[in-house]
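K.L.:
Sending over a structure as C-alpha cells; questions will come in a sec.
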Amino acid sequence: MILYNVTVNVEQAIEEEWLQWMRNEHMLDVINTGLFQTAKIFQLLNVEQSEGTNTYAIQYFAKSREDYEIYERDHADALRQEHLEKFGSRTVAFRTLMEEV
C-alpha cells in the first residue's frame with residue numbers, strides 16, 4: 001500500500017471554500033483517475049499554526065508505487081494547476097510518499 005500525503009497550509013479567510021472544493025471536487029478528481037482507492041482529509045492539531053492559517057493533510061491510498069507514478073506522469077500537473085488557479089498563493093502545499101511496511 002502506498003500513501004501519497006499532501007499537507008496544505010490554508011488561509012482561514014478561504015478555509016471553508018477550500019474544504020468544500022477539496023471534498024466535492026478535487027479529491028474526487030484524484031480518485032476518478034482510477035489510481036487511488038480512497039482518500040481522507042485531516043486537520044493537523046499538534047502543529048504550530050501561522051497566524052490566520054490552518055493545516056490539513058490529504059491522504060490518497062494507492063495499491064502500488066506504479067499507480068502513483070502513473071498519476072504523477074499523467075494527471076498531477078493538471079490537477080495541481082487547477083488548485084493553483086483557484087487559490088493562488090493563499091495555500092502552501094508539500095507532498096510526501098510513504099509505503100506501508
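Coordinate-derived values only; no laboratory data. Owing to the predicted nature of the structure, the values given are computational and were not obtained by experimental measurement. Cβ coordinates were reconstructed from backbone atoms using ideal geometry, including for glycine residues, and neighbour counts include every protein chain displayed.
K.L.:
Considering the dipole of the chain built from charges on the beta carbon (Lys and Arg +1, Asp and Glu -1) around the Cα centre, which of Ala93, Ile70, His26 is farthest to its positive end?
P.N.:
Comparing the listed Cα positions along the dipole, Ile70 ranks first.
K.L.:
Hey, in the GNM for the chain with a 10 angstrom Cα cutoff, which one of Thr33, Thr55, Thr91 fluctuates hardest?
P.N.:
Top of the fluctuation ranking is Thr33.
K.L.:
Just check the range 1-49 against the gyration tensor rule for me: Cα atoms, a ≥ b ≥ c as the square roots of the eigenvalues, rounded for a/c under 1.5, and otherwise prolate or oblate depending on whether a/b exceeds b/c.
P.N.:
Cα axes put the range 1-49 in the oblate bin.
K.L.:
Then there's this: Ignoring GluC sites (Glu not before Pro) that are buried or in helix or strand per DSSP, and keeping those with at most 12 other beta carbon atoms within 10 Å, what is the longest stretch of the chain between them? Walk me through the numbers before you get to the answer.
P.N.:
Details: sites that count: Glu48, Glu51, Glu100.
After excluding every exposed loop site, the longest remaining stretch is 52-99.
K.L.:
As an exercise, identify the trypsin sites (Lys or Arg not before Pro) in the range 2-101 lying in DSSP coil whose Cβ has no more than 15 other Cβ atoms within 10 Å. List each step's numbers first, then the result.
P.N.:
Values: sites: Arg23, Lys40, Lys63, Arg65, Arg73, Arg80, Lys86, Arg90, Arg95; in loops: Lys63.
Answer by residue number: Lys63.
K.L.:
Next up: Would you work out the charge dipole size for the chain about its Cα centre, treating the Cβ of every Lys and Arg as +1 and the Cβ of every Asp and Glu as -1, and quote it to the nearest 20 debye?
P.N.:
Details: 9 positive and 18 negative charges, 31 e Å.
Roughly 140 debye for the chain.
K.L.:
Near Arg73, within a Cβ-to-Cβ distance under 14 Å, what is the net charge of the other residues, with Lys and Arg +1 and Asp and Glu -1?
P.N.:
Details: positive: Arg65, Arg80; negative: Glu66, Asp67, Glu69, Glu72, Asp74, Asp77.
Taking every Cβ under 14 Å from that of Arg73, the sum is -4.
K.L.:
Next up: Write down the radius of gyration of the range 10-99 and its Dmax, each obtained from C-alpha positions, in Å.
P.N.:
When restricted to Cα atoms, the range 10-99 yields Rg and Dmax of 13.5, 39 Å.
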